[in-house]
Structure formats: C-alpha cells, structure tokens
Amino acid sequence: MLKTGLMMDMPLLLSGIIEHAAAQYGDAEIVSRETHGPLFRYTTRECAVRAKKLANALAGLGLTPGSAVASIAWNNHRHLEAYYAVSGSGMVMHTCNPRLHPQQLIYIINHAEDEAVIFDASFAPIIKGIAAHCPKVRHWVCLADAANTPAIEGVAKILNYEDLIAPASEVFDWPSFDERTAAALCYTSGTTGNPKGALYSHRAIVLNAITICIPGALGLSPQEAILPVVPMFHINAWCLPYATLIAGAKLVLPGPKLDGPSLYELMEAEKVTVSAGVPTIWQGLIAHLDQHGLKFSTMRRTATGGSAMPLALIAKFNDQYKVDVRHGWGMTETTAVATMGVITAQQQAEWTPEQRHALIAKQGKSVFGIEIKVVDDTGATLPRDGTSQGELMVRGQWILERYFKGDASPLVDGWFPTGDIAVIAPDGVMQIRDRTKDVIKTGGEWISSIDLENAAVGHPGVQMAAVIGVKHPKWDERPLLFIVRKPGQEVSKDEILSFLAERVAKWWVPDDVVFLDALPVGGTGKVQKGDLRKQYGGVFETPN
Ligand code: AMP
C-alpha cells in the first residue's frame, strides 16, 4: 500500500522568492536603467522593502486578492517591485506588450478586467489612446517620480509611483494561499484572431524559475550578473526576474535602451556574465562589436530563443567572442523555458566547433518537468529518429491547460499542441523545422523556412534573412527570400542564390530574392511573415 509522505506542505509562492532573496542575498545589487535615462542602483533588500510598500499602497487603492493589475512597462526596478507586490498579494500581474495594436491592448485589458494600469512614461501616448476604452481601470500609475510623470490628455488622474508608495508602511505580511493560485497573465501575440491569455500559477512560475537556475539551463548563482534583455512584458522575461533572485545573483535591467551600443556599454559597466534575448537583439549587439572591433570582458553565457538562433551567430558568439550560447524553445503557453540545448562533456572534448554549433542551432532537450513528442496528422506519435517531422506536443508542470476564460481545453490527449513542426533525434534533441503556417509546401514536399534562413545568414554579407512560401501555379508554393544586407555590403541576388545552391537541395533554392532595408519585426522580436505574405504573396502567380 502507498504510504503518505510525512513532509511539510508549503506552497510554492512568488513572495517566497523575494523573502528568500532579501534574507539570504540582501546585498545583491539590482541596477536599472530609468526610462528617462540615468542608471538607478540599489540592493535586493531595498527592493523587497519597496515591494512591500507597493503591496500596502495597492491595498490602499482598494485592490484585493484576485484583482488584476496591468503593466505596460520596460525592464526596470519599479516593474520588478510590481512583479512581487502584485503577485505576492494574491493579485494577478497582467503584463501587456506595448507593441500590440492599441485595439488589442484595449481588448486584453478589458478581457483581463484590469483594475489598475501601471506604465512607463514613454508609453503615455498609448495610455492616451486606450484609457477612454478601458472602463474597469480605476487607477493609472506612472512608474516614475512626480518630476517624470507626464500629464495625459483624457486621463483625469495619473498617480506617480514614488508618491504612491512614499507614505505606505514597510511592514506587509505576504498572505499564504494555494500555490495553484494565479500569479501572472500574459496574452499571446494574436497574429490570428484575438490574443489569448495564459494565466500562470505561482507553482508554475516558481518551478520554471528554479529550473532556469540549474547548470544545464542558464547556470545562475551568486557569482553571476544577469541582464535579461527579453522583455518583462512578454512571458515574464523568461522568468529571469524570479530566477535571478532565487539564485542570489546581481540583476541588471536595461530599461528602454535595447540597441547594440547601449547593451554593450551596460554589459561592460556592470560586469554582466549572463544575458538572455531573442536573436534579433543579438544581431544588433554583434554587429556593434564587429563594427568597432570590441570584445566582451565578462560576458560568458547567453540564452536565446523566441525564434531560431542562426548558426552563423552561434559560431560568432562561440568562436570569436567566447560566449556560450544556450538555445531554448518555449512559448507564451509554456510559462518560459521548455527545452534547452547544452553541450555534453564528450561533445566538448571530441566534436569540432562546427558540430557543436550545429547542435546548438537545434532547440535542445526538454528540461526536467517537461515532456515532448511529435505527432503526425492523425495524432500518432512519430519515432525519435531525427527525420520524422510532425507537430510538436508538450506537457508538463508549467504548460497551459486552458486559456484564460477559454471554453474548450486546447489539449489533445493531455498534450498541448504547439503549432510548431519539429523532429526529435534518438538522443532527445528537438529541432524546430517551422511554424505549421510557415512551412513551405512545394511539389508535395516540405521546405523548412528556418533552415533556408539559417543558410542565408551564413553568407558574410547578410545581416538578416526571412523566407516565405509564395503561391505558385505549378509547384503549389515556392520559397521567396528576403535579405537585409550588412552595412556597406553589396551582395547580389546571383551571389546569394549560388551560395545557397552549394548548401541546400536544388529544389530548396528560392525562386527570387528581395533586398530590404529592414525586416518587419513584431512585438516579441519575431519577423512578421504575415506582413511579407500580404505584400509579396502574389509575386509568383505568373512565373516567367
Ligand atoms: P510566443 O508565444 O510569442 O513567444 O511564440 C512562441 C513561438 O515562437 C513558438 O511556438 C515557436 O514557433 C517560436 N519559437 C520560440 N523559440 C524558438 C526557437 N528557439 N526556435 C524557433 N522558434 C522558436
């Protein structure tokens, strides 16, 4: 007969993280770029005190456990305090992506029934546009002091954060409740239809945050200084604001300055050792280093994901800049990291650098707590043979079961269907081949747009590449390649196509190349292929 364990049953709550950090690593530094420019610095202990003051202030505004508070904000220390104050009080921290269309912001704020909105001054124009359409919002709080809080036309009263928390007590007893209680809410980007809400529990976030700390993931400890470039407004900045405090590490928050020169300067000044961001951010950073012949003094590890990390960029980081790349996969519905690639001791010792880069370009193994499989159109599980490709399914401790206010569960036999096409190798390494909607179907065969993009970015004159499938009268679809050249490079269409012809199957070589100054990039750093399709979707209708 099974016996019941005789251990304490203490809930996994986010308030436990800030309490732990303040008690054990109270001197750990937090450095934050203010929205109006200067750097602000304080300790984790001071952060915890201000989080408690905010918790009292929010209660003073009449917000109660279960209330939802929206944020439209950069990665900065006040946003961090709100992360803990709101969720720690039993309220829901609804992070909103400022790059969503205003109509979508209005939709999600109303859908979430947010009672307060906290925002950075740079988003005042957004607030002006949406405030009148959000009837449930009773409080608008600017994350600034009085001097840096703008008046906003159409909003009668704007509170400023510093005046709001100044009179509040530093004493606040974090309530205890079921760890399955909602802590945070994040909506998908909603490229088709309305955005859908992923409502994260305390338990899911804590487990994910602990996982991120382990050496096989990001390896966080008090010896590290961590710069999350991934936004706190999307998927909790991959849970790094929690993981960093669990680890007792230094936290560096970049505010609104996400360009290559600003990030480099911050990394050097604050001796950042670990960073995390989407590949487009790293393109900008590496371009800056390349252009000015710079190198990193302290940076040694970077996590990336959100879209496929190009092989050429991995090689640059590894070989030229001596930075280890941890390439992970996840989505709004997976709280943060679900898979992560790491090199084993044997691969480190015996493999060539090229072999290692190729492995890291894949999306890695599921971390403990998560299971993955790929299935065919009938839902049958495909073999882990590295070639059978199908839809990636995921289940685990921090995977969405049902959308916020959603009717039907999206699960299929208890698994979440991701909409990504993947293969899994016998050793468990997963590779995303495409989004279901991006994969190119040509003459009955499939071409992976990710593989083609990866190959194109390998050309020394190419900064960024995107491939879409375009309707074709004979082949169903054919690939069309978009290229952004590196500054000062004059690479031609013929050069690109012959470069690709040496690297991919003949029938994969795109039918045409379009050179652009920039690719359309959406709110979470992903190339907006929908925009490209809209504009170029008919170009092969009458092939020559
Ligand atoms: P979002 O929910 O907006 O973060 O988007 C999640 C989607 O981003 C996934 O379903 C994938 O299509 C894509 N994605 C995330 N990480 C990766 C990665 N490492 N490589 C390729 N695609 C990725």
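Cα convex hull, the stretch 183-338: 109 Å³ per residue, rounded to a whole number.
Kirkwood radius for the stretch 1-137, taken over all pairs of different Cα atoms as the inverse mean of 1/r, rounds to 16.5 Å.
Overall, the ratio between the Cα radius of gyration of the stretch 468-544 and 2.2 N^0.38 Å, rounded to two decimals, is 1.16.
Site pair Gln355 and Asn194 shows an inter-label distance of 5.3 nm when each label is modelled 7 Å from Cα along Cα→Cβ. Can you quote the Å³ per residue value for the convex hull of the Cα atoms in the stretch 432-485, rounded to an integer? Dividing the Cα hull volume of the stretch 432-485 by its residue count gives 76 Å³.
Be a star and scan the stretch 39-77 for residues whose amide nitrogen sits under 14 Å from the point 7 Å along the Cα-to-Cβ vector of Glu170. Residues passing the 14 Å test: 43-54. Annotation: Cα Rg of the stretch 414-544 relative to the compact-globule expectation 2.2 N^0.38 Å equals 1.08. Sorted from longest to shortest, the spans of the Cα atoms of the stretch 223-304 along the three principal axes equal 36, 26, 19 Å. Hey, with R₀ at 30 Å, roughly what FRET efficiency would His20 and Glu268 work out to, going by the Cβ-Cβ distance, to 0.05? Using R0 = 30 Å, I get an efficiency of 0.50. According to the square roots a ≥ b ≥ c of the eigenvalues of the Cα gyration tensor, what is the shape class of the stretch 296-363, taking rounded for a/c under 1.5, prolate for a/b larger than b/c otherwise, and oblate for the remainder? Because a/c hits 1.5 or more and a/b exceeds b/c, the stretch 296-363 counts as prolate.
Shape class of the stretch 328-383 from the alpha-carbon gyration tensor: prolate, with a/c at 1.5 or above and a/b greater than b/c. The equivalent ellipsoid of the stretch 369-443 has semi-axes of 22, 16, 10 Å, largest first, where each one is the square root of 5 times an eigenvalue of the Cα gyration tensor. With a sphere of radius 14 Å drawn around the Cβ of Arg503, what net charge do the other residues whose Cβ falls strictly inside it have (Lys, Arg +1; Asp, Glu -1)? Residues close to Arg503 contribute a combined charge of -4. Using the Cα coordinates of the stretch 267-383, the gyration tensor eigenvalues translate into equivalent-ellipsoid semi-axes of 29, 17, 13 Å, sorted from longest to shortest. Out of all DSSP beta bridges with both ends in the stretch 1-126, state the antiparallel percent to the nearest 5. Rounded to the nearest five, the antiparallel share is 35 percent.
Looking at the stretch 109-201, the pairs of alpha carbons with a distance over 17 Å make up 63% of the total. Please list log₁₀ I(q)/I(0) at q = 0.16, 0.18, 0.25 Å⁻¹ for the stretch 454-506, using the Debye equation with identical point scatterers on the alpha-carbon positions. Once normalised to I(0) and log-transformed, intensities are -0.50, -0.61, -1.01. Note on Arg300 and Gln348: with the Förster distance fixed at 22 Å, the Cβ-Cβ geometry gives a FRET efficiency of about 0.90.
The length gained on full extension between Asp512 and Ser498, counted as 0.36 nm times the residue separation minus their Cα-Cα distance, comes to 3.8 nm.
Sorting 176-185, 291-300 by average packing, meaning the other beta carbons within 10 Å per residue, from highest down gives 176-185, 291-300.
Placing unit charges on the Cβ atoms only, positive for Lys and Arg and negative for Asp and Glu, gives the chain a dipole magnitude near 120 debye about its Cα centre.
Length gained on full extension, Glu113 to Thr378: 91.5 nm, using 0.36 nm per residue less the C-alpha separation. Radius of gyration over Kirkwood radius for the chain, both on Cα atoms: the Rg/Rh ratio is 0.97. Note: the stretch 1-72, Cα convex hull, 173 Å³ per residue. The calculated 222 nm mean residue ellipticity attributable to helices in the chain amounts to -8000 deg cm²/dmol, summing -39500 (n - 2.57) over DSSP H runs of n ≥ 4 and dividing by all residues.
The reciprocal of the average 1/r between distinct C-alpha atoms defines the Kirkwood hydrodynamic radius, which for the stretch 373-414 equals 11.8 Å.
Rg/Rh for the stretch 156-237 (Cα atoms only, Rh after Kirkwood) is 1.05. With R₀ set to 56 Å, the beta-carbon distance separating Lys157 from Asp476 gives a calculated FRET efficiency near 0.45.
Over the C-alpha atoms of the stretch 490-533, the Rg to Rh ratio, Rh being the Kirkwood estimate, stands at 1.05.
Comparing Cα centroids, the stretch 5-27 and the stretch 314-370 end up 30 angstrom apart. Rounded to the nearest whole Hz, the Karplus-based 3J(HN,Hα) values (6.51 cos²θ - 1.76 cosθ + 1.60, θ = phi - 60°) of the stretch 31-43 follow the sequence 10, 9, 7, 5, 4, 8, x, x, 8, 10, 9, 7, 10, with x at glycine and proline.
Taking a label point 7 Å from the Cα of His292 along the Cα→Cβ vector, which residues of the stretch 464-494 have an amide N closer than 17 Å to it? Flagged as within label range: 487.
Just so you know, all these numbers are worked out from the coordinates, no wet-lab data involved. Only a predicted model underlies this, so the values are computations on that prediction, with no experimental measurement involved. Here the Cβ is made from the backbone with ideal geometry for all residues, glycine too, and neighbour counts use every protein chain on show.
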